[in-house]
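The values are calculated or read from the model by the stated rules, or taken from the named source; none is laboratory data. No experiment lies behind these values; they were computed from the predicted model shown. We place every Cβ from the backbone using ideal geometry, glycine too, and count neighbours over all the protein chains shown.
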Amino acid sequence: MAISLGSARQWHWISSAVCLVGMLLFAITGITLNHAAEIPSTPKVINHELRVPAELLEAWNGSESEAPQLPVHLVAWLAEEHRIQIPRNHRGEWDGSEYYLALPRPGGDAWLSLDVETGDLIFESTDRGWIAYFNDLHKGRDTGSVWRWFLDVFAVACVVFCLTGFWLLWKQSSRRVSTWPVTALGVLIPLVIALVFIH
């Protein structure tokens, strides 16, 4: 079925509205990613070395041999006493005596190591700042399934935006002589750069 000019315009503005914030985010972080080495950044590292009270470890006997979770009361104690936030449903590695939990996130990462026999716990958190956070959103690094779904919807909306824009160009090109030369330039510039300057 042929697409009318009116419906193409409607889909074009709807897709542009959906894409607006995402396109701005991706355009700006495209620049920051391209110049990442030139943007000064001082990661903020927080270290904790502490002893977990024995009573908090008594209920956890390591019976969950494959990727166990920290006990709820231990997670609450870490948050209340040391401001160490452990997200729910995160599972770690367990070798029978030592527990290791990796906590990657956009713009930083963290890890926790716990010797269940002695109660010795080491926690380290690294925050690389807001620019790194948004750069990781751009790349989808450690962002979770909801953000990945958003990226898929955003990508589809961008495709609709581009195709309806091309359709509008096609329909109105007879009234604008410069339409196809400018469109061809938009194709040729990246093509020539890729063929000539990228090795």
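Check whether at least one residue in the stretch 145-164 is in a helix (DSSP H, G or I) and closer than 21 Å to Ala36 by Cβ, and report yes or no. So far as the stretch 145-164 goes, yes, one or more of its residues are in a helix (DSSP H, G or I) and closer than 21 Å to Ala36 by Cβ. Contact map, the stretch 151-179: residues that are farther than 17 Å from Ser16 by Cβ paired with residues that are surrounded by 13 or more Cβ atoms within 10 Å (Cβ to Cβ) and among the β-branched types (Val, Ile, Thr), Cβ distance under 8 Å, separation 6+ or inter-chain. Pairs shown: Ser173/Thr179. Applying a threshold of 8 Å to beta carbon distances and a minimum spacing of six or more residues, or different chains, the list of pairs starting in the stretch 27-54 at a residue that is within 22 Å of Thr126 (Cα to Cα) and modelled with pLDDT of 90 or more and ending at one that is in a loop (DSSP other than H, G, I, E, B) and hydrophobic (A, V, I, L, M, F, W, C) reads Thr32/Ile39; His48/Ile84. Condition (residue is modelled with pLDDT of 85 or more, under 30 Å from His138 (Cβ atoms), of a type in the set (Ser, Thr, Tyr) and not in a loop (DSSP other than H, G, I, E, B)) applied to the stretch 89-103: is it met by at least one residue? Checked the stretch 89-103: at least one residue is modelled with pLDDT of 85 or more, under 30 Å from His138 (Cβ atoms), of a type in the set (Ser, Thr, Tyr) and not in a loop (DSSP other than H, G, I, E, B).
Looking across the stretch 105-153, just one residue is crowded, with 16+ Cβ neighbours inside 10 Å, over 11 Å from the mean Cα position of the chain (by Cα) and over 20 Å from Val45 (Cα atoms), and that is Val116.
I need a count of the residues in the stretch 75-88 that are part of a helix (DSSP H, G or I) and β-branched (Val, Ile, Thr). Write out each step before concluding.
Going through the stretch 75-88, the residues part of a helix (DSSP H, G or I) turn out to be 75-82.
Restricting the remaining residues to those that are β-branched (Val, Ile, Thr) gives 75.
Residues meeting the conditions: 1.
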